[in-house]
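A.B. asks: Pasting a structure here, questions to come.
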Amino acid sequence: MIASDLSAFECVVPATVEEALRQRAETPGLSPIAGGTEVMVLLNEAKLQGRKFQSLHRLAAEWRYVRPALDGGLLVGALATYTDLRHLDHVSKHHPLLVEAARATGALQIQNRATIAGNIVNGSPAADTVPALMVYDARLRLVRSGGERIVPLSEFYTGYRKSVLAPDELLAEIILPPADFISQYYRKVGTRAAQAISKVVLAAARRGPDVRLAWGSVAATTVRTRRTEQAIAGGATADEACEALRAEIKPLDDIRSTGAYRMGVACNLLREFMVGATT
Amino acid sequence: MIHTPIQFSLNGEKRSVAAHPMEPLLDVLRRECGATGTKYGCGEGECGACSVIINGELAMSCMIPACQAADATIETIEGLARDGELHPVQQAFLETGGAQCGICTPGMVLAAVQYIRHPERSPGGAAEALEGNLCRCTGYSAIFRAVELARSRMESA
């Protein structure tokens, strides 16, 4: 049974994107809800203050898609679910880390409802798909009534669960450039294999001097470790790369793990990636 | 509390209910529709006891706000038996001892039904298909035997 007093909550249900953006212009700060897998948990546990929601489910005709872009990249609509992403051959072939990340998230019931865009906007540093998206240099199309802007995912977060998304904006689309890596790696380490929130996530890719490392659960936001990337590109050994990583991230203690354990696991994942990586 | 009318199809029947738009579908099914086969387990999407099939996809009804069920097609455990005959998956759970205390069983059976309908959606097989459904009684092996038994019977039927 739900623990919240629902009288403190309202919900509007726009039928089109245009209507949704108009509502947001008139009432900035409406809380968007898509698959509900984050919001409803908090609501059930009475962890949310009273607010007005905006349910986006009727925008599916406009915003639920995953399709190849003309440049060989990938376009993911705001209402595309994890399941939508998992079973497309062109995604498995060109952006396989997304498929692995989607599969590592929750159970089928969650994957059927949860959206990739929700994972981004929710802003958890433990998000499973955000490291993969960051490795692919994803850009985000943010829309508001009468305008839009494109923001690189690596510049989207400004702090713990904080982002540049304005109260009248919605994340409309995730834009991925073509990916052409020789080696790609994704590993989520949690308490157990299924349905656990991560202690450390590493998504990584390499082609020659182009080395990319994106981490979950080791900082206030998902982060790229660019100095470590440069060290590896410059020929660092695994020991030297771990040294660079230790200088670049300072994981914290929290309910799921300790900073020291996270640092140890992060180095192990980095070594595993480097051992397996062909340049 | 403001309740709004919401219509959906439940096990093939049109239903019109009154619910708060953010109320979990689970509570609406149990209170408004008397569909108490759908169980409350954890309320946070971890246990799968509240699983239903909505618009052809398995989902946890504790995490679906009622407004998102408007005009949906919903299947619950009550819709599986036909003319007094159990669905082959239910029958198999009975025979293998896949059901014990019964709290996880409706969600587990629906997850198994969905797996048999769409095995391609779970490349990791039944273990992946049932990953979101926790059982604290059986140790799972009787459940997996039930899924295999039902699958072989339905394939040869």
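A.B. asks: For the range A:1-85, which chymotrypsin sites (Phe, Trp or Tyr not before Pro) are in a loop by DSSP, counting at most 13 other Cβ atoms within 10 Å?
C.D. replies: Taking the range A:1-85 and a limit of 13 other Cβ atoms within 10 Å, no loop chymotrypsin sites (Phe, Trp or Tyr not before Pro) are found.
A.B. asks: Would you please give the residues with an amide H less than 5 Å from that of A:ASP137, counting only those at least 5 places away or on a separate chain, with H modeled from the backbone geometry?
C.D. replies: It is none; the list stays empty.
A.B. asks: HN-Hα J couplings of the range B:43-56 from phi, Karplus 6.51/-1.76/1.60, θ = phi - 60°, integer Hz, Gly and Pro as x?
C.D. replies: Ordered by residue, 3J(HN,Hα) equals x, 9, x, 9, 10, x, 5, 9, 4, 9, 9, 10, 6, x Hz.
A.B. asks: Could I ask something else about it? Taking B:LYS14 as the anchor, which lysines have their alpha carbon closer than 27 Å to its alpha carbon, excluding any fewer than eight residues away along the same chain?
C.D. replies: Answer for B:LYS14, where 27 Å is the Cα cut-off: B:LYS39, listed by chain and number.
A.B. asks: While we're looking at this one, here's another question. Test of the criteria: in the range A:8-62, which trypsin sites (Lys or Arg not before Pro) are in a DSSP loop and have at most 13 other Cβ atoms within 10 angstrom of their Cβ?
C.D. replies: Here the sparse-neighbourhood loop sites are A:LYS47.
A.B. asks: On to the next question. In what sequence, highest mean first, do A:161-167, B:49-55 appear when ranked by Cβ atoms within 10 angstrom?
C.D. replies: The most tightly packed comes first, giving B:49-55, A:161-167.
A.B. asks: Please list, in chain and number order, the residues 5+ apart from A:ILE33 or on another chain whose amide H is under 5 Å from its amide H, with Hs placed from the backbone.
C.D. replies: Under 5 Å from the amide H of A:ILE33: A:GLN54, A:SER55, A:LEU56.
A.B. asks: Now for a separate question. In whole Å, largest first, what are the principal axis extents of the Cα atoms in chain B?
C.D. replies: 47, 31, 29
A.B. asks: What lysines could a cross-link reach from A:LYS188, if we take a straight Cα to Cα line under 29 Å and drop same-chain neighbours fewer than 8 places away?
C.D. replies: A:LYS47, A:LYS93, A:LYS162, A:LYS199, A:LYS250
A.B. asks: Continuing with this model, one more query. List every residue whose amide H lies under 5 Å from the amide H of B:THR36, counting only residues 5 or more places away in sequence or on a different chain, with H placed 1.01 Å from N in the peptide plane.
C.D. replies: Residues meeting the amide H criterion: none.
A.B. asks: Let me ask something additional. Packing-wise, with mean Cβ within 10 Å as the measure, how do B:67-75, A:233-241, A:269-277 rank, highest first?
C.D. replies: The packing order, highest mean first, is B:67-75, A:269-277, A:233-241.
A.B. asks: Is the shape of the range A:56-167 rounded, prolate or oblate, going by the alpha carbon gyration tensor and its root eigenvalues a ≥ b ≥ c, with a/c under 1.5 for rounded and a/b larger than b/c for prolate?
C.D. replies: rounded
A.B. asks: For chain A, what is the calculated [θ] at 222 nm in deg cm²/dmol (nearest 500), taking -39500 (n - 2.57) for each run of four or more DSSP H residues and dividing by its residue count?
C.D. replies: Per the formula, -9000 deg cm²/dmol.
A.B. asks: Additional query: Run through every distinct alpha carbon pair of the range B:4-76 and return the Kirkwood hydrodynamic radius in angstroms, one decimal place.
C.D. replies: 11.7
A.B. asks: Averaged across A:109-117, how many Cβ atoms of other chains sit within 10 Å of each residue's Cβ atom?
C.D. replies: The per-residue average across the peptide is 6.
A.B. asks: Going by the alpha-carbon gyration tensor, a ≥ b ≥ c the square roots of its eigenvalues, is the range A:145-208 rounded (a/c under 1.5) or, if a/c is not under 1.5, prolate (a/b greater than b/c) versus oblate?
C.D. replies: oblate
A.B. asks: Show log10 I(q)/I(0) for chain A at q = 0.09, 0.15 Å⁻¹, two decimals, from a solvent-free Debye sum over equal Cα scatterers.
C.D. replies: Debye curve over Cα of chain A, log10 I(q)/I(0) at q = 0.09, 0.15 Å⁻¹: -0.43, -1.15.
A.B. asks: Using the Karplus curve 6.51 cos²θ - 1.76 cosθ + 1.60 with θ = phi - 60°, work out ³J(HN,Hα) for each residue of the range B:142-157 in order, rounded to whole Hz, and write x for Gly and Pro.
C.D. replies: 5, 5, 5, 5, 5, 4, 5, 4, 5, 5, 5, 5, 6, 6, 8, 6
A.B. asks: Now for a different question. Would you work out if the range A:82-232 is rounded, prolate or oblate? Take a ≥ b ≥ c from the square roots of the eigenvalues of the alpha-carbon gyration tensor; rounded if a/c is under 1.5, else prolate when a/b is larger than b/c, oblate otherwise.
C.D. replies: Here the range A:82-232 falls in the rounded category.
A.B. asks: For the range B:88-156, what D do you get in µm² per second when you plug the Kirkwood radius from alpha-carbon pairs into Stokes-Einstein at 37 °C and 0.692 mPa s?
C.D. replies: D = 282 µm²/s.
A.B. asks: Work out the mean other chain Cβ neighbour count within 10 Å for the residues of A:55-68 and drop it here as an integer.
C.D. replies: Average neighbour count from other chains, rounded to a whole number: 1.
A.B. asks: How many partner chain Cβ atoms sit within 10 Å of a residue's Cβ in peptide A:30-38, on average, as a whole number?
C.D. replies: Across A:30-38, the average partner-chain Cβ count within 10 Å equals 3.
A.B. asks: Once phi is turned into ³J(HN,Hα) by the Karplus curve 6.51 cos²θ - 1.76 cosθ + 1.60 with θ = phi - 60°, what whole-Hz value does each residue of the range A:129-135 show in order, with x for glycine and proline?
C.D. replies: Per residue, the Karplus-derived 3J(HN,Hα) values read 8, 4, x, 5, 5, 5, 4 Hz.
Bear in mind that the values in this text are calculations on the coordinates, not laboratory data. Please read these numbers as outputs of a predicted model, since none were measured by experiment. All Cβ positions, glycine included, derive from the backbone under ideal geometry; neighbour counts span all protein chains shown.
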